[in-house]
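Q: Dropping the structure in here first, questions after.
The values are calculated or read from the model by the stated rules, or taken from the named source; none is laboratory data. Computed from a predicted structure; not experimentally measured. As a convention, Cβ positions derive from the backbone with ideal geometry for all residues, glycine included, and neighbour counts pool all protein chains shown. With ligands, DNA and RNA removed, areas are computed over all heavy atoms of the protein, side chains included. Shrake-Rupley method; radii C 1.70, N 1.55, O 1.52, S 1.80 Å.
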Amino acid sequence: ETGVTQSPTHLIKTRGQQVTLRCSSQSGHNTVSWYQQALGQGPQFIFQYYREEENGRGNFPPRFSGLQFPNYSSELNVNALELDDSALYLCASSFEGGKYEQYFGPGTRLTVT
Amino acid sequence: QKEVEQNSGPLSVPEGAIASLNCTYSDRGSQSFFWYRQYSGKSPELIMSIYSNGDKEDGRFTAQLNKASQYVSLLIRDSQPSDSATYLCAVNQAGTALIFGKGTTLSVSS
């Protein structure tokens, strides 16, 4: 069974730029959720994709957007990067929405300078 | 604002002792509850899930849920130095998002 994978591992961007992060879900899972974790904080829910549709969104601005593909992999796009976007971005996969166990990938560390 | 509260710690216990981690949540409609372990610089790892009132045991871990008191706890028996990590309590909201506490840092000394 393949676990959740994310790419890239680390990324450094300049304020105002755009970034795309990628996630492959665990085998057998059809739901992907994205979270942002700042240092010393718990993860904060960004949004969830289920059957290629957005299935819930947290308190993040529209410059955070996403996609889910037919193979259940997903992308997180962030436009007009701000310094406060520096964080660990976590992807979690689950089965049939998010009410059951969600399993996290290794994360992407984004630094905005 | 639906919230999950945890003591940030650090919680320090000697090797072999029982570590007790606590969490309260504000959304009375919450249905599923999880404990994650996060080592420094790593991503959260799911260690326990609990859906109904009472206790659930898995090896050295026991999760306890009391929906009337809106309280979830995690007990770690025979604590080991390798258990030293941040423990995140998470509550599922509306079947989609996990709402996390800030985490409790556990330090097990040998």
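Q: Using the structure shown, decide if A:GLU52 is acidic (Asp, Glu), more than 20 Å from A:PRO8 (Cα to Cα) and within 14 Å of another protein chain (Cβ to nearest Cβ).
A: Numbers: acidic (Asp, Glu): yes; more than 20 Å from A:PRO8 (Cα to Cα): yes; within 14 Å of another protein chain (Cβ to nearest Cβ): no.
Criteria not met by A:GLU52.
Q: Restricting attention to the stretch B:9-48, report how many residues are within 16 Å of B:SER73 (Cβ to Cβ) and open to solvent by 20 Å² or more (accessible area, probe 1.4 Å).
A: So the first thing to find is which residues in the stretch B:9-48 are within 16 Å of B:SER73 (Cβ to Cβ), and the list is B:9, B:11, B:13, B:17-25, B:30, B:32-37, B:47-48.
From what's left, open to solvent by 20 Å² or more (accessible area, probe 1.4 Å): B:9, B:11, B:17-18, B:20, B:22, B:24, B:37, B:47.
So the count comes out to 9.
Q: If you take the residues in the stretch B:56-84 that are of a type in the set (Gly, Ala, Ser) and more than 14 Å from chain A (Cβ to nearest Cβ), which one is nearest to A:LEU39 (Cα to Cα)?
A: B:SER84
Per-residue answers, yes or no, for (1) open to solvent by 40 Å² or more (accessible area, probe 1.4 Å); (2) within 16 Å of B:ASN7 (Cα to Cα):
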site: B:GLY54; (1), (2): no, no
site: B:GLY59; (1), (2): yes, no
site: B:THR62; (1), (2): no, no
site: B:TYR71; (1), (2): yes, yes
site: B:LEU74; (1), (2): no, yes
site: B:ARG77; (1), (2): yes, no
site: B:ASP83; (1), (2): no, no
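Yes/no per residue for (1) in contact with a Leu (Cβ under 7 Å, 6 or more places away or on another chain); (2) open to solvent by less than 20 Å² (accessible area, probe 1.4 Å); (3) over 22 Å from B:PHE100 (Cα atoms); (4) part of a strand (DSSP E or B):
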{"residue": "A:ARG15", "(1), (2), (3), (4)": "yes, no, yes, no"}
{"residue": "A:ARG22", "(1), (2), (3), (4)": "no, no, yes, yes"}
{"residue": "A:GLN26", "(1), (2), (3), (4)": "no, no, no, no"}
{"residue": "A:HIS29", "(1), (2), (3), (4)": "no, no, no, no"}
{"residue": "A:TRP34", "(1), (2), (3), (4)": "yes, yes, no, yes"}
{"residue": "A:GLY56", "(1), (2), (3), (4)": "no, no, no, yes"}
{"residue": "A:LEU76", "(1), (2), (3), (4)": "yes, yes, no, yes"}
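Q: Here's a follow-up. If A:PHE64 satisfies every condition in (1) within 13 Å of the chain's Cα centre (by Cα); (2) within 17 Å of A:GLN44 (Cα to Cα); (3) buried (at least 19 other Cβ atoms within 10 Å of the Cβ) but one, which is the exception?
A: Going through (1) within 13 Å of the chain's Cα centre (by Cα); (2) within 17 Å of A:GLN44 (Cα to Cα); (3) buried (at least 19 other Cβ atoms within 10 Å of the Cβ) one by one, A:PHE64 breaks only (3).
Q: Given the structure, is A:ASN30 touching a strand residue (DSSP E or B) at 6+ places or on another chain (Cβ under 8 Å), free of Cβ contacts under 8 Å to residues at least 60 places away in the same chain and polar (S, T, N, Q)?
A: Numbers: touching a strand residue (DSSP E or B) at 6+ places or on another chain (Cβ under 8 Å): yes; free of Cβ contacts under 8 Å to residues at least 60 places away in the same chain: no; polar (S, T, N, Q): yes.
Here the answer is no, as A:ASN30 does not meet what is asked.
Q: Can you tell me which condition B:VAL108 does not meet? The list is (1) within 14 Å of chain A (Cβ to nearest Cβ); (2) hydrophobic (A, V, I, L, M, F, W, C); (3) more than 27 Å from A:GLU96 (Cβ to Cβ), and all the others hold.
A: Of everything listed in (1) within 14 Å of chain A (Cβ to nearest Cβ); (2) hydrophobic (A, V, I, L, M, F, W, C); (3) more than 27 Å from A:GLU96 (Cβ to Cβ), B:VAL108 misses just condition (1).
For every residue, the table says whether it meets (1) under 27 Å from B:CYS89 (Cβ atoms); (2) away from chain B (no Cβ under 11 Å); (3) of a type in the set (Phe, Trp, Tyr).
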| residue | (1), (2), (3) |
| --- | --- |
| A:ILE12 | no, yes, no |
| A:GLN26 | yes, yes, no |
| A:THR31 | yes, no, no |
| A:ASN71 | no, yes, no |
| A:LEU88 | yes, no, no |
| A:GLY105 | yes, no, no |
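Q: While we're on this one: Return yes when A:THR20 is within 13 Å of the chain's Cα centre (by Cα) and over 23 Å from A:THR111 (Cβ atoms) and no when it is not. Explain how you work it out, then say what you get.
A: Values: within 13 Å of the chain's Cα centre (by Cα): yes; over 23 Å from A:THR111 (Cβ atoms): no.
In short, no.
Q: Given the conditions (1) without any contact (Cβ under 8 Å) to a residue 60 or more places away in the chain; (2) more than 23 Å from A:GLN6 (Cβ to Cβ); (3) under 14 Å from the mean Cα position of the chain (by Cα), and given that B:TRP35 satisfies all but one, which numbered condition is not satisfied?
A: Tallying (1) without any contact (Cβ under 8 Å) to a residue 60 or more places away in the chain; (2) more than 23 Å from A:GLN6 (Cβ to Cβ); (3) under 14 Å from the mean Cα position of the chain (by Cα), B:TRP35 fails exactly one: (2).
Q: Kindly check whether there is at least one residue in the stretch B:34-45 that is within 10 Å of chain A (Cβ to nearest Cβ) and among the acidic types (Asp, Glu).
A: In the first step, residues of the stretch B:34-45 are kept if they are within 10 Å of chain A (Cβ to nearest Cβ); the result is B:34, B:36, B:38, B:41-45.
Next, only the ones that are among the acidic types (Asp, Glu) stay: B:45.
Taking every residue of the stretch B:34-45 in turn, at least one turns out to be within 10 Å of chain A (Cβ to nearest Cβ) and among the acidic types (Asp, Glu).
Q: From B:GLY29, B:GLY16, grab the single residue that is modelled with pLDDT under 95 and assigned to a loop (DSSP other than H, G, I, E, B).
A: Going through B:GLY29, B:GLY16 in turn, just one is modelled with pLDDT under 95 and assigned to a loop (DSSP other than H, G, I, E, B): B:GLY29.
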